[in-house]
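Taking it in order: structure first as structure tokens, then the write-up.
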Amino acid sequence: MLKGDDAMSFSSELKEELSKVSNHNNYCCMLAELAGYLITNCNIEKENGKYILKMTTESASAIRRVYNALKKIYGIIAHTNIENVESNKDKLFELIVYDDADLKNIFKNSLVNIDINLQMVIDDGEKISQNDCCMKSFLRGVFLGSGSITEPSSGNHLEIVLSNMQNVNFINSIFSKFGITTKLIKRKKNLVIYLKDAESISDFLRIVGSSKGILLFEQKKVEKEYRNNVNRKINFEVANMDKTAVAASEQLKDILFLKEKNVFGKLPDSLKQIADMRIKYPEASLEKIGNMLNPKLSRSGVSHRFKKIKLFAEEVRKG
């Protein structure tokens, strides 16, 4: 999970929002979302000689969502607890299912199973991928279980932490059905699916039903485009300034050369006038020089006169 108070705060806000997305009228969607949560944030542990199902999270809203799903789907009243030990100053919430009959009921009628390492693995019989609504619910459960996201102003990063390649492959297959390409890295013993571009993250948030997240990322996208346009304009203006400076330097060089060779007086008065303006205003643009003349002269007219001075200077250099 991402470190840092900002990342945790923003993730928690989105999970709070997602925990209020209604799917209670669709049994298949409730199963799909619960499956996403089970495979990302659920452990089978042995306690006092018997197996228990345990979930631990920093999100009170996520644990509430799972508690209500277990109650509605299976009639199970899970035990909940707030850990006294603090992790990064955030309390940990636990949900535990102790009863053997309840555990058997969950694995008999859910879309997950347990592998030989006692890890939760997806076993949906292709039920989730049959409907868009179930795939969206599944991804919502996955994010609620082990997803985290940076606040948009801090950059683009969304990740889902997993421990099983079978689950990684299935989750990636669901992402691909929505046209989202993910990346994968190993972090210690974990596998991390992540997204790094704002458009993909915005698409994901739209899929799982986070209106707040979409708004913030779309706003960031607009701001980024605005900054890029401003930077392009500045770069264009700087490039033009550089060109103006180079051209002015060349014009001065020709004028001073003609004065040095005592042939400046041979220039027509119109060219002398423009040359004197360049000496007086070495950094002025052609347009500015034209506006200072009396009568005024267009930019192209000023450029044409400087070209005549250049040709004359070249003839003098050739002898």
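Just so you know, all these numbers are worked out from the coordinates, no wet-lab data involved. Quick caveat: nothing in here was measured; it's all calculated off a predicted structure. No Cβ is skipped: glycine too gets one built from the backbone with ideal geometry, and neighbour counts run over all protein chains shown.
Worth a mention:
- Most to least packed among 207-213, 124-130 [average Cβ atoms within 10 Å]: 207-213, 124-130
- Summing +1 for each Lys or Arg and -1 for each Asp or Glu among the other residues whose beta-carbon sits under 12 angstrom from that of residue 296 gives +1.
- Distance from the range 5-76 to the range 146-213 (C-alpha centre basis), Å: 18
- Protection proxy ranking for 190-197, 135-142, 46-53, 13-20, using the average of other Cβ atoms within 10 Å per residue and placing the highest first: 135-142, 13-20, 190-197, 46-53.
- Rounded to whole numbers, the Karplus 3J(HN,Hα) couplings from phi for the range 64-80 are 5, 4, 5, 4, 5, 5, 4, 5, 6, 7, 10, x, 8, 9, 6, 8, 10 Hz, using 6.51 cos²θ - 1.76 cosθ + 1.60 with θ = phi - 60°, and x at Gly and Pro.
- Ordering 205, 247, 111 by Cα displacement along the dipole of the chain toward the positive end leaves 247 in first place; charges were set at the Cβ atoms of Lys, Arg (+1) and Asp, Glu (-1).
- The charge dipole of the chain, taken about its Cα centre with unit charges on the Cβ atoms of Lys, Arg (+1), Asp and Glu (-1) only, comes to about 1900 debye.
- The Cα atoms of the chain give a gyration tensor whose axes a ≥ b ≥ c have a/c of 1.5 or more with a/b greater than b/c, which makes the shape prolate.
- Cross-link partners for residue 243 among the lysines, with Cα-Cα distance under 26 Å and sequence neighbours closer than 8 places in the same chain left out: 233, 253, 259, 272, 280, 288, 296, 307, 308, 310.
- The residues 11, 300, when put in order of fewest to most other Cβ atoms within 10 Å, stand as 300, 11.
- Those aspartates and glutamates that a straight Cα-Cα span of less than 14 Å connects to residue 183, excepting residues fewer than 8 apart in one chain: 159, 197
- In terms of its C-alpha gyration tensor, the range 88-193 comes out oblate, because a/c is 1.5 or above while a/b does not outweigh b/c.
- In the chain, taking the dipole from charged Cβ atoms about the Cα centre, the farthest positive-side position among 178, 217, 281 is held by 281.
- Percentage relative contact order, the range 130-228, counting C-alpha pairs under 8 Å, at least six apart: 26
- Shape of the range 26-179, Cα gyration tensor, a/c cut at 1.5: oblate
- Angle between the chain longest axis and helix 211-260 axis [Cα atoms, degrees, rounded to 10]: 20
- Taking the longest Cα principal axis of the chain as reference, the axis of helix 299-318 is set at about 60 degrees.
- Summing charges over all other residues whose Cβ lies under 15 Å from the Cβ of residue 164, with Lys and Arg as +1 and Asp and Glu as -1, gives +1.
- Within straight-line cross-link reach of residue 20, aspartates and glutamates at Cα separation under 16 Å, skipping those fewer than 8 residues along the same chain: 33
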